[in-house]
1. Among the residues of segment 82-103, count how many are surrounded by fewer than 21 Cβ atoms within 10 Å (Cβ to Cβ) and either of a type in the set (D, E, K, R) or in contact with a helix residue (DSSP H, G or I) (Cβ under 7 Å, 6 or more places away or on another chain) (or both).
2. Please state which one of Val37, Val75 is outside any strand (DSSP E or B), of a type in the set (A, V, I, L, M, F, W, C) and more than 21 Å from Glu158 (Cβ to Cβ).
3. Restricting attention to segment 7-35, and to residues there that are free of Cβ contacts under 8 Å to residues at least 60 places away in the same chain and among the small types (Gly, Ala, Ser), which single residue is nearest to Asp124 (Cα to Cα)?
4. Pairs, please: C-beta under 8 Å, at least 6 apart or cross-chain, first residue within 18 Å of Asp24 (Cα to Cα) and in segment 36-59, second surrounded by fewer than 15 Cβ atoms within 10 Å (Cβ to Cβ) and among the aliphatic types (A, V, I, L, M)?
5. Considering segment 146-169 alone, what residues qualify as being out of contact with any strand residue (DSSP E or B) (no Cβ under 6 Å at 6 or more places or on another chain) and at pLDDT below 95?
6. Whether any residue in segment 128-142 is loosely packed, with under 13 Cβ neighbours inside 10 Å and free of Cβ contacts under 8 Å to residues at least 12 places away in the same chain is what I want to check.
7. I'm trying to understand the selection: among the residues of segment 9-33, which are open to solvent by 30 Å² or more (accessible area, probe 1.4 Å) and touching a helix residue (DSSP H, G or I) at 6+ places or on another chain (Cβ under 9 Å)?
8. Quick check, is Asp51 assigned to a helix (DSSP H, G or I), acidic (Asp, Glu), at pLDDT 90 or above and open to solvent by less than 70 Å² (accessible area, probe 1.4 Å)?
Amino acid sequence: MPGEIAPYPLRSPRLRITPLAAADVDDFVRYRQDPEVARWQSWDTDYRVADALALVAGQPVDRLPGAGEWLQLAVRPVDGGPLHGDVAVRRCAGQPDTFELGVTLARAAQGRGIAGEALRAVLDMLFHDAGAHRVVASCDARNLPVSRLLRRVGMRHESRQLEADWFKGEWTTLDGWAVLAREWRDLAPRTVSTSAS
């Protein structure tokens, strides 16, 4: 429900995950301005500190997002240090108990299993604590590392929409991914902790 108290921080063996805060803005903007990171994302390399501060100010921090709202969860090393990246969570409007995920990592954090660990922690929270029925994700079909990541964390490739999205000056093909609560329970017995467990 929109008023749910969120069980932050989420913790996994290497990570601590909480809503993005003003203290994270410099790291957040730095990797969003990286052309390699921005390539497949909805923003461009001109992303500014003012954009990040507005995002932080406009999102829920002590509850899960309401219908149609996004929440950026900062992914940090468990023992401190620069931000690795973030997981974006949106509660889908019009479909009860359905969430959408996205993930972005700074280049220095890529290729180390951090994105998978972070997504598993967030999926675990959504299915076990938020009562999610279904979680979805989408990506540009050319973004093979993210396709492999979504498959690795247990999401199922559900759809391919050919040249369906006019994105950064060209028609792009979108792949849709999903996992259901019953699939997640069979796939991933709870292994990460939240502040509530």
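1. Final tally of qualifying residues: 4.
2. Numbers: Val75 fails: outside any strand (DSSP E or B).
That would be Val37, the only listed residue that is outside any strand (DSSP E or B), of a type in the set (A, V, I, L, M, F, W, C) and more than 21 Å from Glu158 (Cβ to Cβ).
3. Ala21
4. Leu53/Ala22; Val56/Ala21; Val56/Ala22
5. Trp166, Phe167, Lys168, Gly169
6. The initial filter retains those residues of segment 128-142 that are loosely packed, with under 13 Cβ neighbours inside 10 Å, namely 142.
Filter again for free of Cβ contacts under 8 Å to residues at least 12 places away in the same chain, leaving none.
Taking every residue of segment 128-142 in turn, none turns out to be loosely packed, with under 13 Cβ neighbours inside 10 Å and free of Cβ contacts under 8 Å to residues at least 12 places away in the same chain.
7. The initial filter retains those residues of segment 9-33 that are open to solvent by 30 Å² or more (accessible area, probe 1.4 Å), namely 11, 13-14, 16, 21-23, 26-27, 30, 33.
Arg11, Pro13, Arg14, Ala21, Ala22, Asp26, listed by residue number.
8. On the way: assigned to a helix (DSSP H, G or I): yes; acidic (Asp, Glu): yes; at pLDDT 90 or above: yes; open to solvent by less than 70 Å² (accessible area, probe 1.4 Å): yes.
Here the answer is yes, as Asp51 does meet what is asked.
The values are calculated or read from the model by the stated rules, or taken from the named source; none is laboratory data. In this text the structure is predicted, and so the values were computed from the model without any measurement. We place every Cβ from the backbone using ideal geometry, glycine too, and count neighbours over all the protein chains shown. Heads up: the accessible areas ignore ligands, DNA and RNA and are worked out on the full protein's heavy atoms, side chains in. Shrake-Rupley method; radii C 1.70, N 1.55, O 1.52, S 1.80 Å.
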